[in-house]
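The values are calculated or read from the model by the stated rules, or taken from the named source; none is laboratory data. The shown structure was predicted, so the numbers you read here are calculated from the model rather than taken from an experiment. Cβ placement follows ideal geometry from the backbone for every residue including glycine, while neighbour counts extend to all protein chains displayed. Each accessible area value is taken on the protein alone, full model and side chains, heavy atoms only, with ligands, DNA and RNA left out. Shrake-Rupley method; radii C 1.70, N 1.55, O 1.52, S 1.80 Å.
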Amino acid sequence: MTERDDAGSMSVESFYVHMASEQLQAESAVQDGDIVSDGSVDGDADTRRVLKRRCNSSNGDEKVSDLTLRPAKRRTPPWSAMVDVLTRICAMLPRPDLKNVTLVCRCWANAARPILFRTVFLRISLQSFERLQEIARHNTLRKYVRKISYDGRTLDGRAAREGFQVWLTCRAGTGLGLDWKATRELVSRVDVKELERCYSNYLCYLFGQEYILRRSNEKEMLVNALQKLPGLEAIQYVVPRDMRPSRIAPPLDSLSPSAREILAEPQDYPGYRESEGHFWTLLQSACLSGHAQQLRTVQGSRLDLERWNAAAAESLSDCYEALPNLEQLSLEFDFAQRSDGDAAMLARIIARVLGLESLRLSFDEFSWDHPHAVIHLPQVIDETIRWEYLRRLSLQAVATTEGCLRSLLQRHARSLRSLELSNIKFEDAAIPNQDRRGSWIQFIHFLRQTLSLEHVRFNGCFSNSWNEAWITRDADDERLFDLSGVSAPYPDDCLKYRIERFVTHGGVSPFTARTVKDYENMFPYYNLPWTFDEDRSWSFAPPLIQ
């Protein structure tokens, strides 16, 4: 196999690593004087030029044998180009590989560290907080930090305090995404001595967790660290959602470093509703440490709207009223019963952020049995608001009239390029008009005619409580819920993708006007004036019509 064939069989990362290594070797050769001025590694031509110049000199007594052969003047390739190549390589590597790259040499470390330390991941553990403090004290590493990602999950300490055996039965192996049988299998692979070590580490983790959550320790430690990070511009509070438990126990060496130490992972317990406190503590700490003016991104997930609203109203208003340069806001709230005033502070925050470029609001899902669990779009986004630079909008689990949603999108038609909608219900308008009951098919045509979208995504349930009720999901989402019969992505010509391409001006309308003959075979779509090829990607759901 030739060198060209070898390069063709490499992965992208391997190819860049190979090219960077050759460049480093070339630079080393230049510094050692092995490369002549014309760029070749053969010094014969350069030697002949030196001899010719010496023989033609005015000193006629000089002998060729006495001439000193010296290399011509060398030209070193620009170091900035080398750094750019290494940086591009590091940008494609996963985080574990980035850590390994820093051990190769100083050149690789200098290229990898700005990427590795751009985001600092924080947990509610003393070890994690101490690591943040060490980064904040480091003269170089602290300058790389742009984002703090705070995971608010905690360990359950009740079983561990009952002793080793109770911990082994109830808590060992939990939080790893395994079902009960796989958890027991994983624990059975660990010998007793190692289990005792994990139990001891588990107790130490609990001690640190309790210290952080005591009084105002969490905020004080955060402020102390964040005020030393000059480039901080984004904060994220994230609690990952539980996935469908795996039935296969993974190898022990595949677990995260933290899981290998305590044989468990922190979890989001139903009875532990402190996510709102951690989110506000993180945001308040960023503002108190002097970053309010430079914060560009604020993200929060798994939040309870009622508690979040109460925390904002009580004592933390100074945090959000001083964010003049906020560009990206993403807030995801869990499903819960809500009162009319629960969204008041959220609406106030949204109204004060005038420079938004990206907005995501999620209220989880609808409860068709509990109408008080529904958030109405005008409750959170006033009908007069307009963000001049808004490019991305994502809404999930809101109820609205079609006219209200159209108005919001029309106000941002000049800038909006990405739209994602999930679990949206059209309500009857209070004042009768052409959009009184709402029509999703008409709304889809409106999107194409009015907006210049480059990306659109529909996911979940869409209804108007009259004659339209649709359920649509990506194939990957359906496999996530283990739905049978979904083994591969939907074909490109499925109804869902045809609709999305139509909206982004990438295809023709999948809906055609009905004829008299079509009415015979249109049940249960007898009220719809269009025909279409329904499939699993976009299907009719009569139970959603209420």
Just one of the numbered conditions (1) in a helix (DSSP H, G or I); (2) modelled with pLDDT under 90; (3) surrounded by 13 or more Cβ atoms within 10 Å (Cβ to Cβ) is not true of Ser539; which one? (1)
Would you confirm, using the coordinates I've provided, whether Thr140 is under 19 Å from Pro245 (Cβ atoms), open to solvent by 50 Å² or more (accessible area, probe 1.4 Å) and at pLDDT below 95? no
Within the group Ser246, Ser256, which residue is modelled with pLDDT under 95, in contact with a helix residue (DSSP H, G or I) (Cβ under 7 Å, 6 or more places away or on another chain) and of a type in the set (S, T, N, Q)? Ser246
Where Trp280 falls short, out of the listed (1) modelled with pLDDT of 90 or more; (2) buried (at least 18 other Cβ atoms within 10 Å of the Cβ): (1)
Among the candidates Thr169, Thr119, residue that is more than 29 Å from Ala249 (Cα to Cα) and among the polar types (S, T, N, Q): Thr119
Find all pairs meeting these conditions: Cβ atoms under 7 angstrom apart; at least six residues apart or on different chains; first residue within the range 239-256 and within 9 Å of Ala182 (Cα to Cα); second residue of a type in the set (Asp, Glu) and outside any loop (DSSP other than H, G, I, E, B). Ala249/Glu185
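Yes or no, residue by residue, for (1) touching a Cys at 6+ places or on another chain (Cβ under 8 Å); (2) farther than 23 Å from Ala292 by Cα; (3) at pLDDT below 90:
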| site | (1), (2), (3) |
| --- | --- |
| Pro324 | no, no, yes |
| Glu332 | no, no, no |
| Ala336 | no, yes, yes |
| Asp340 | no, yes, yes |
| Met345 | no, no, yes |
| Arg348 | no, no, yes |
| Leu356 | no, no, no |
| Leu361 | no, no, no |
| Ser367 | no, yes, yes |
Which listed residue is surrounded by fewer than 18 Cβ atoms within 10 Å (Cβ to Cβ) and not charged (D, E, K, R), from Val145, Val192: Val192
Does Arg88 satisfy the condition of being of a type outside the set (Asp, Glu) and under 19 Å from Pro230 (Cβ atoms)? no
In the range 451-467, the residues that are more than 24 Å from the chain's Cα centre (by Cα), over 22 Å from Pro529 (Cα atoms) and surrounded by fewer than 18 Cβ atoms within 10 Å (Cβ to Cβ): Ser452
Might you let me know whether the range 168-188 holds any residue that is in contact (Cβ under 8 Å) with a residue 24 or more places away in the chain, exposed (fewer than 13 other Cβ atoms within 10 Å of the Cβ) and touching a helix residue (DSSP H, G or I) at 6+ places or on another chain (Cβ under 9 Å)? no
Can you pull out every residue in the range 114-151 that is touching a residue at least 60 places away in the same chain (Cβ under 8 Å) and closer than 15 Å to Glu210 by Cβ? Arg123, Ile124, Ser125, Leu126, Gln127, Phe129
Scanning the range 108-141 for residues that are under 23 Å from Asp268 (Cα atoms) and acidic (Asp, Glu) gives Glu130
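Quick grid of which residues meet (1) at pLDDT 50 or above; (2) assigned to a loop (DSSP other than H, G, I, E, B); (3) open to solvent by 90 Å² or more (accessible area, probe 1.4 Å):
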{"position": "Val36", "(1), (2), (3)": "no, yes, no"}
{"position": "Ala45", "(1), (2), (3)": "no, no, no"}
{"position": "Asn59", "(1), (2), (3)": "no, yes, no"}
{"position": "Ser65", "(1), (2), (3)": "no, no, yes"}
{"position": "Arg88", "(1), (2), (3)": "yes, no, yes"}
{"position": "Asp97", "(1), (2), (3)": "yes, no, no"}
{"position": "Phe121", "(1), (2), (3)": "yes, no, yes"}
{"position": "Glu134", "(1), (2), (3)": "yes, no, yes"}
Between residues in the range 416-437 that are under 16 Å from Trp466 (Cβ atoms) and modelled with pLDDT under 70 and residues that are open to solvent by less than 20 Å² (accessible area, probe 1.4 Å) and charged (D, E, K, R), which pairs lie under 6 Å by C-beta distance while being six or more apart or on different chains? Asp435/Glu402
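Would you pick out the residues in the range 479-492 that are modelled with pLDDT of 50 or more and surrounded by fewer than 17 Cβ atoms within 10 Å (Cβ to Cβ)? Please lay out each step first, then the result.
Here is the first cut: in the range 479-492, the ones modelled with pLDDT of 50 or more are 488-492.
Across the range 479-492, the qualifying residues are Ala488, Pro489, Pro491, Asp492.
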For the range 198-219, check the following and say yes or no: at least one residue is in contact with a Gly (Cβ under 9 Å, 6 or more places away or on another chain), more than 28 Å from Val166 (Cβ to Cβ) and either modelled with pLDDT of 95 or more or open to solvent by less than 40 Å² (accessible area, probe 1.4 Å) (or both). yes
